[in-house]
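S.K.: My structure is below; once you've seen it, I'll send some questions.
The values are calculated or read from the model by the stated rules, or taken from the named source; none is laboratory data. Quick caveat, the model's predicted, so the values are computed rather than measured. Please note: Cβ atoms are built from the backbone with ideal geometry, for glycine as well, and neighbour counts cover all protein chains shown. Heads up: the accessible areas ignore ligands, DNA and RNA and are worked out on the full protein's heavy atoms, side chains in. Shrake-Rupley method; radii C 1.70, N 1.55, O 1.52, S 1.80 Å.
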Amino acid sequence: MTKTGTIHDIGERARAAFLGLAVGDALGAGLEFMTPGEISAKYGTVQEIIGGGWLRLKPGQITDDTEMSLCIARAIDRAGGWSLQGVAEHFAAWLKARPIDVGDTCRRGIRHFMLKGVLEVPYNQWDAGNGACMRMLPVALHTLGNNRLLEKYALEQARITHNHPLSDAACVSMGRLVQLAMMGCSKTRLRREVEALLARHENFRFEPYRGLATAYIVDTMQTVFHFFFKTRGFEQCLVAIVNQGGDADTTGAIAGMLAGAYYGLEEIPKRWLKKLDKRLLTEILALSDRMISLSPLAQGTTRP
Ligand code: MN
Ligand code: MN
């Protein structure tokens, strides 16, 4: 156990991270591909889950960011541990069921698996989108207590669809940040972790913030870092980031998992949680608990 986190606290923060992801996705999805100017002209500042947008969503409806995360969590649940084949099969079943939204790189990677049975796409210079990072949460929960496993599973799940060093680095880094936040670490500590990423990949430097919230993983990470470190609460962080527009559901989802882990369950606005589908909410809580119970931390097999 850490100084600050008992297994109970960690379990609760895991739930908050998963719910934060879903709530951020639902909050941002109606604003996807809009500019900050378009958003403020149409809505002022969006502070509620209103749905709509180019996908014409019902308020509270989630998109691929949450759905692909659920695929990974369900695969781990089903196998009682890590199964990359299981993850890919869940992705394939999800794609066959015609999801409301799916990124081009994700679609291409899943098709590649369906056609060839291969669990890794070849390196591609265009694979630096945020589609692998946005579904990292279940891996972060499931590998809590073992850094080597975090890196291994992060890259394995990512490369089913994305094979690019910047996507890889972002996946591992975001997984680590969420874990540290769940363990009760301070923003100063999280900031140090970000600095370690910047030392290896200068691209992710986010000060001064350039205001780009696109699906390019560099822009996405800069946006998440900027708004997470600049704001002082879950709601404030999420409202600020989705009103930046662009890939708002995905910046919302990633900021939601990090801020959820950091601020905890109590800080997630009840009015947002009420908008989520009841069955989804129940499943998220169960899967969060299951990911943690299967983690090295809970199983007493912790390794640095
Ligand atoms: Mn989405
Ligand atoms: Mn998106």
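S.K.: Just checking, does segment 230-239 include any residue being β-branched (Val, Ile, Thr), assigned to a helix (DSSP H, G or I) and buried (at least 24 other Cβ atoms within 10 Å of the Cβ)?
M.R.: Restricting attention to segment 230-239, the residues satisfying the condition of being β-branched (Val, Ile, Thr) are 231, 239.
Still in the running and assigned to a helix (DSSP H, G or I): 239.
Narrowing further to those that are buried (at least 24 other Cβ atoms within 10 Å of the Cβ): none.
There is no residue in segment 230-239 that is β-branched (Val, Ile, Thr), assigned to a helix (DSSP H, G or I) and buried (at least 24 other Cβ atoms within 10 Å of the Cβ).
S.K.: While we're looking at this one, here's another question. Where in segment 25-101 are there helices (runs of 4 or more DSSP H), lying fully within it, with 3 or more residues that are within 16 Å of ligand 1 (Cβ to nearest atom) and farther than 21 Å from residue 287 by Cα? Walk me through it before giving the result.
M.R.: Numbers: elements: 36-43, 64-79, 84-96.
By residue number, no helices (runs of 4 or more DSSP H) qualify.
S.K.: Taking the condition of being aromatic (Phe, Trp, Tyr) and open to solvent by 30 Å² or more (accessible area, probe 1.4 Å), how many residues in segment 95-121 meet it?
M.R.: Residues in segment 95-121 being aromatic (Phe, Trp, Tyr) and open to solvent by 30 Å² or more (accessible area, probe 1.4 Å): 0 in total.
S.K.: While we're on this one: I'm told residue 221 meets every condition in (1) hydrophobic (A, V, I, L, M, F, W, C); (2) in contact with a Pro (Cβ under 8 Å, 6 or more places away or on another chain); (3) in a helix (DSSP H, G or I) except one. Can you identify the failing condition by its number?
M.R.: Among (1) hydrophobic (A, V, I, L, M, F, W, C); (2) in contact with a Pro (Cβ under 8 Å, 6 or more places away or on another chain); (3) in a helix (DSSP H, G or I), the lone unmet condition for residue 221 is (2).
S.K.: Which of the residues belonging to segment 56-70 are away from ligand 2 (no atom under 16 Å from the Cβ), in contact (Cβ under 8 Å) with a residue 12 or more places away in the chain and at negative phi?
M.R.: 59
S.K.: Looking at segment 289-304, which of its residues are farther than 19 Å from residue 15 by Cβ and among the β-branched types (Val, Ile, Thr)?
M.R.: 301, 302
For every residue, the table says whether it meets (1) within 16 Å of ligand 1 (Cβ to nearest atom); (2) buried (at least 23 other Cβ atoms within 10 Å of the Cβ).
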site	(1), (2)
248	yes, yes
255	yes, yes
258	no, yes
274	no, no
279	no, no
285	no, no
289	no, no
295	no, yes
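S.K.: Go over the candidates 259, 286 one by one and state the one that is at pLDDT 95 or above, in a helix (DSSP H, G or I) and within 21 Å of residue 29 (Cα to Cα).
M.R.: Matching residue, one of 259, 286: 259.
S.K.: Here are some conditions: (1) more than 16 Å from ligand 2 (Cβ to nearest atom); (2) surrounded by fewer than 19 Cβ atoms within 10 Å (Cβ to Cβ); (3) closer than 17 Å to residue 25 by Cα; (4) not small (Gly, Ala, Ser). Residue 214 meets all but one. Which one does it not meet?
M.R.: Going through the list (1) more than 16 Å from ligand 2 (Cβ to nearest atom); (2) surrounded by fewer than 19 Cβ atoms within 10 Å (Cβ to Cβ); (3) closer than 17 Å to residue 25 by Cα; (4) not small (Gly, Ala, Ser), residue 214 breaks only (1).
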